[in-house]
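The values are calculated or read from the model by the stated rules, or taken from the named source; none is laboratory data. All values reported here derive from a predicted model rather than from experimental measurement. Here Cβ is always computed from backbone atoms with ideal geometry, including for glycine, and neighbour counts include all displayed protein chains. Calculation scope for accessible area: heavy atoms of the full protein, side chains included, ligands and nucleic acids excluded. Shrake-Rupley method; radii C 1.70, N 1.55, O 1.52, S 1.80 Å.
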Amino acid sequence: MARETLLFLAWGLALLASSLASASIVEHSFIVKNLTVEKFCERRVITAVNGSLPGPLLRVREGDTLIIHVCNESPYNVTLHWHGVFQKLSAWADGPEYITQCPIQPGNKYTYKFNITDQEGTLWWHSHTKWLRATVYGGLVIHPRKGNSYPFPKPHKEFPVLIGEWWNANPMDVISEALRTGGGPNSSDAYTINGQLGDLYPCSKDKTNKFEVVQGKTYLLRIINAALNNQFFFKVANHNMTVVAIDASYTVPYPTDVLILAPGQTVDVLMEASQPLGEYYMTATPYTNAAGVPFANTSTTAILVYKNTTSTSPILPPLPAFNDTPTAHKFSSNLTGLTSARFWVPPVLEVDEHMLMTVGLGLISCGKNATCLGPLNQSLAASISNFSFQLPTKRSILEAHFFNLSGIYNETFPDFPLMPFDYTNPNNSFNQSLLMTTKSTTVKRVKFNTTVEIVFQDTSLIGIENHPMHIHGFDFHVLAQGFGNYDPNVDRQKFNLVNPQKRNTIGVPVGGWAVIRIQFNNPGVWILHCHLDVHLSWGLAGVFVVDNGGTPSSTLPPPPEDLPKC
């Protein structure tokens, strides 16, 4: 028996040594500062990382430790969020300002350090300070460990495709002015692929991104929607694609000629260069469904160029209408998880807590004897279950939780709306008894390892709209989604509990609902918010405080010594 124990221990130590040997430390320095770029025939100053737009593309292997030294030489406070990274026992490195840290002030430095485990695929990083992420963002690609392979044929080559937005103004000034006046912010003027507008915009033809392919080869496109406020349809002229992963989770291969990406989402597709020699536009065009809200109804492009082609006239794909909800819903609701893949985790069947969160717009008082530019002369707001979230300013919520500090937040966030109503009935759009909300810093506390099922329910308040909901620190299973008011007696029959898609960001259908299930098995403080940054700025967010589990492997360590101070 003792010999068997020693052999088992030796095997375990050898396995651990092998695992550690296959992991590396990946270290980078990020300098955040002003950068002058030329768009729309004029020069503008933006905030960028290491002098590029997008910022650096980070490549790691699963199991690696990532260390990022950030030096803030910009005129703004800065934090960086590693979107989709689990941050297991490293919540201090998650990055949202005043949630897990105070911001890095101009002239200061901070080092993010965290391990990337149990994840492969495409994620990204971005600023989590107001609208700074309009230009402060980049890709984060997690390759399999050495010796492991993809659960699909190895592509000939891969291309990162980051979709962004562009303002002919300073985005930080745009949101500051909107918050000051209480009205809606100016919409972006254009869209970008890998930082370039594409040749359908003025003064952009010679800067359009080009991707060279070899006829007959298969390519992996890693597509990221890094935009602040717009969802996008994505197409490649005359080419079909096969979805193989979303939000760094492998999927059952799904063939399609069009993708939909909400802000924050990533999609990995295989694409065969199967067409005659020539040039083909790669196009992103907005999908929107908010009536009366202005947007740039234009397209950003890159060009797929076949090697040895002589053509110089790219083919443009037919594009969906900007409000083509059936196409968007068909794509989003037909993806399923690949249960045979590494790191697949089935949904927990026994639910500990249920929540229903209404997500949408509202109003806050403009103040006595004041007039704002929002509806009814009030100030626009957004909320979850009529709680409009307000960031603290004295300490981060994680610090307050860890050190048991009072006065930073309260724990009154409800499991269900305090005022139930006919959520998607347009007759309620300007019902003043439902529209008004107040600002508060409120959280929901859950015990370690609690499984929570959440119904996100869109509302018609002010107007119906698709809301991309993102949670930090976890993936979740999307069990079902649909339109109208969620009816548990009917809609629970639609749940996929066998191979549901796994994501960190879900686009709640316009005028509809989505059901997700999360196991809170990582201690810390984690924000759940709409990834339309205008809605986040207005307060469409909530926070989960996950208590320690009581063992070393489930207990959050103390903060790093150089954690920024408020």
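When region 316-334 is examined, which residues are found to be aliphatic (A, V, I, L, M) and either outside the structural domain of Gln231 (by the TED database) or not in a loop (DSSP other than H, G, I, E, B) (or both)? Quick ask: steps written out before the conclusion?
Within region 316-334, the first condition is being aliphatic (A, V, I, L, M), and the residues that meet it are 316, 319, 321, 328.
Matches in region 316-334: Ala328 only.
Counting only strands (runs of 3 or more DSSP E) that sit completely within region 188-284, those holding 3 or more residues that are under 20 Å from Tyr150 (Cα atoms) correspond to 218-225, 241-246, 249-256, 266-272.
Of the set (1) farther than 26 Å from Lys502 by Cβ; (2) assigned to a loop (DSSP other than H, G, I, E, B), all apply to Ser340 but (1). Within region 343-373, being buried (at least 17 other Cβ atoms within 10 Å of the Cβ) and part of a loop (DSSP other than H, G, I, E, B) holds for Pro347, Val348, Cys366, Cys372.
Listed residues Leu376, Leu380; which is in the same structural domain as Val455 (by the TED database) and either open to solvent by 60 Å² or more (accessible area, probe 1.4 Å) or assigned to a loop (DSSP other than H, G, I, E, B) (or both)?
Numbers: Leu380 fails: either open to solvent by 60 Å² or more (accessible area, probe 1.4 Å) or assigned to a loop (DSSP other than H, G, I, E, B) (or both).
Only one candidate passes the filter, namely Leu376.
Which residue out of Thr327, Thr283, Thr288 is under 23 Å from the mean Cα position of the chain (by Cα) and open to solvent by 30 Å² or more (accessible area, probe 1.4 Å)? Break it down stepwise before answering.
Details: Thr283 fails: open to solvent by 30 Å² or more (accessible area, probe 1.4 Å); Thr288 fails: open to solvent by 30 Å² or more (accessible area, probe 1.4 Å).
On inspection, the qualifying residue turns out to be Thr327.
Would you confirm whether any residue within region 549-560 is at positive phi and of a type outside the set (A, V, I, L, M, F, W, C)? Even if it seems obvious, please write down each step before you answer.
Taking region 549-560 first, the residues at positive phi are 550.
If we keep only those that are of a type outside the set (A, V, I, L, M, F, W, C) as well, we get 550.
Yes: one or more hits.
At least 2 residues being open to solvent by less than 30 Å² (accessible area, probe 1.4 Å) and of a type in the set (A, V, I, L, M, F, W, C) is the threshold, and among the strands (runs of 3 or more DSSP E) wholly inside region 470-558 those reaching it are 476-483, 505-508, 512-520, 524-530, 541-546. Taking region 49-79 as the range and being within 12 Å of Lys113 (Cβ to Cβ) and either among the β-branched types (Val, Ile, Thr) or buried (at least 22 other Cβ atoms within 10 Å of the Cβ) (or both) as the test, the residues that pass are Thr65, Leu66, Ile67, Ile68, Val70.
Of the residues Asn504, Asn485, Asn496, only one is within 14 Å of Thr459 (Cα to Cα) and among the polar types (S, T, N, Q); which? The match here is Asn485. Contact map, region 547-566: first residue without any contact (Cβ under 8 Å) to a residue 24 or more places away in the chain, second residue among the polar types (S, T, N, Q) and exposed (fewer than 15 other Cβ atoms within 10 Å of the Cβ), Cβ cut-off under 7 Å, separation 6 or more or different chains; the map is empty. Residue pairs whose Cβ atoms lie under 6 Å apart, sitting 6 or more positions apart in sequence or on different chains, and linking a residue in region 297-315 that is assigned by the TED database to the domain that holds Phe211 and assigned to a loop (DSSP other than H, G, I, E, B) to a partner that is among the charged types (D, E, K, R) and open to solvent by less than 30 Å² (accessible area, probe 1.4 Å), are Ser311/Glu279; Pro314/Glu279.
Among the residues here, Leu479 does not qualify as more than 21 Å from the chain's Cα centre (by Cα) and assigned by the TED database to the domain that holds Pro417.
When Leu277 is tested against the conditions (1) farther than 26 Å from Pro202 by Cα; (2) open to solvent by less than 50 Å² (accessible area, probe 1.4 Å); (3) out of contact with any Pro (no Cβ under 8 Å at 6 or more places or on another chain), the lone failure is (2). The condition of being of a type in the set (Val, Ile, Thr) and within 23 Å of Ser333 (Cβ to Cβ) holds for only one of Val508, Val525, that being Val508. Among the residues of region 385-439, the one identified as part of a loop (DSSP other than H, G, I, E, B), more than 26 Å from Glu353 (Cα to Cα) and of a type in the set (A, V, I, L, M) is Leu405.
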